[in-house]
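The values are calculated or read from the model by the stated rules, or taken from the named source; none is laboratory data. Note that this is a predicted model, so its numbers are computed, not measured. Every residue, glycine as well, gets a Cβ built from its backbone with ideal geometry; the counts of neighbours run over all protein chains shown.
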Amino acid sequence: MTTDNKTAGDNKVRTGISTGCLYPMLTEKSLDGLLESGTKLFEIFLNTFSETEPDYLDRLKYSCDVHGAEIVSIHPFTSAYESYLLFSGYERRFCDGVKLYDIYFRTAKRIGAKYTVLHGMQKKYSSIDEKEYFRRFAILRDEGKNYGITLLQENVWEHLSGNMDFIKHMKDELGKDAGFVLDTKQARRCGYDPSEAAVLFGENLRHIHVSDYSGNELCTLPGTGEFNFRHFFQTLDDIGYKGDAVIEVYGNSEHDIPALIKSMNYLNNILQN
């Protein structure tokens, strides 16, 4: 089975796959299976702390190097705890949380990734104001810079980042140093069009998670639903986006490797034409 990943110079947008699509398959097995199928670009979804150990990471990096592949981003499994770890009213816990994310930044650097993804604070746990949120994000962002890693805020349902006014305020406060990852399924869950979100993110958009939808199903593989990817990619071209579009769907028995490859090739066909 072959794929047609985009490479630098072929097109402004490259396509890839998140290992999280195959959850709960072990991360290294997900990576190996996708590599053997020809995938060249990845997000690594870390599922436990032992997956940040140097020997384990060196194994992932070696596998990618052998196949001429690249890891562009990491997604920590502690995203669900960020409200408590990083954005509560207890300042000392935030300081310790920075030390935890220091581990993720070192992880990203070791495997050659550029980005670390942040969900941020859930609305129901909101205990600090926007100014304080932006201050803490900036501290985390600067910690990532020490390792050459860019921290990205993802738009997430039921989080402050799911509100486009919040995104606008974050851009106004932090300027070009506010980097974003746009997740199309999260945009749909929040009730807005992913293309409109891309325009709002503008030059601050660094990375994209893509999926499709069909009827009441808000997250299906690209090419199996109703999402107008041709219009979406045209919008990305209009705003000058030059990053990647990584397939990220929830782990499901229907999302096997052949189905993921077929989905990625569907996206590449649109990009080529």
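Descriptive notes on the structure:
- Candidate set from segment 77-129 (those that are among the acidic types (Asp, Glu) and surrounded by 15 or more Cβ atoms within 10 Å (Cβ to Cβ)); member that is farthest from the chain's Cα centre (by Cα): 102
- Unique residue being of a type outside the set (D, E, K, R), within 25 Å of residue 113 (Cα to Cα), touching a residue at least 12 places away in the same chain (Cβ under 8 Å) and part of a loop (DSSP other than H, G, I, E, B) when the list is 250, 192: 250
- Top-ranked residue in segment 225-273 [being more than 17 Å from the chain's Cα centre (by Cα) and at pLDDT below 95; ranked as farthest from residue 73 (Cα to Cα)]: 273
- The number of residues in segment 135-157 that are assigned to a strand (DSSP E or B) and among the acidic types (Asp, Glu) comes to 1.
- Scan segment 174-189 for residues that are within 25 Å of residue 269 (Cα to Cα) and touching a residue at least 40 places away in the same chain (Cβ under 8 Å) and the total you get is 4.
- When we screen 239, 208, 247 for residues that are in contact with a Cys (Cβ under 7 Å, 6 or more places away or on another chain) and under 20 Å from residue 154 (Cα atoms), the only hit is 247.
- Tally, over segment 207-249, of residues that are among the aromatic types (Phe, Trp, Tyr) and closer than 21 Å to residue 150 by Cβ: 1
- Which listed residue, of 167, 149, is of a type in the set (A, V, I, L, M, F, W, C), touching a Ser or Thr at 6+ places or on another chain (Cβ under 6 Å) and crowded, with 20+ Cβ neighbours inside 10 Å: 149
- Qualifying residue in segment 154-163 (condition: touching a Lys or Arg at 6+ places or on another chain (Cβ under 7 Å), without any contact (Cβ under 8 Å) to a residue 40 or more places away in the chain, closer than 19 Å to residue 177 by Cα and not basic (Lys, Arg)): no
- Selection count where residues are in a strand (DSSP E or B) and of a type outside the set (D, E, K, R), scope segment 208-241: 8
- Condition met for residue 7 (surrounded by fewer than 16 Cβ atoms within 10 Å (Cβ to Cβ), closer than 23 Å to residue 273 by Cα and either at pLDDT below 95 or in contact with an Asp or Glu (Cβ under 6 Å, 6 or more places away or on another chain) (or both)): yes
- Exactly one residue out of 155, 146 is over 17 Å from the mean Cα position of the chain (by Cα) and not charged (D, E, K, R): that is 146.
- Hits in segment 59-112 - residues which are assigned to a loop (DSSP other than H, G, I, E, B), touching a residue at least 12 places away in the same chain (Cβ under 8 Å) and out of contact with any helix residue (DSSP H, G or I) (no Cβ under 8 Å at 6 or more places or on another chain): 68, 89
- Between 175, 162, the distinction of being over 19 Å from the mean Cα position of the chain (by Cα) and not hydroxyl-bearing (Ser, Thr, Tyr) belongs to 175 only.
- Residues within segment 200-239 that are surrounded by fewer than 16 Cβ atoms within 10 Å (Cβ to Cβ) and free of Cβ contacts under 8 Å to residues at least 40 places away in the same chain, tallied: 11
- Test result for residue 58, surrounded by 14 or more Cβ atoms within 10 Å (Cβ to Cβ), more than 23 Å from residue 268 (Cα to Cα) and of a type in the set (Asp, Glu): no
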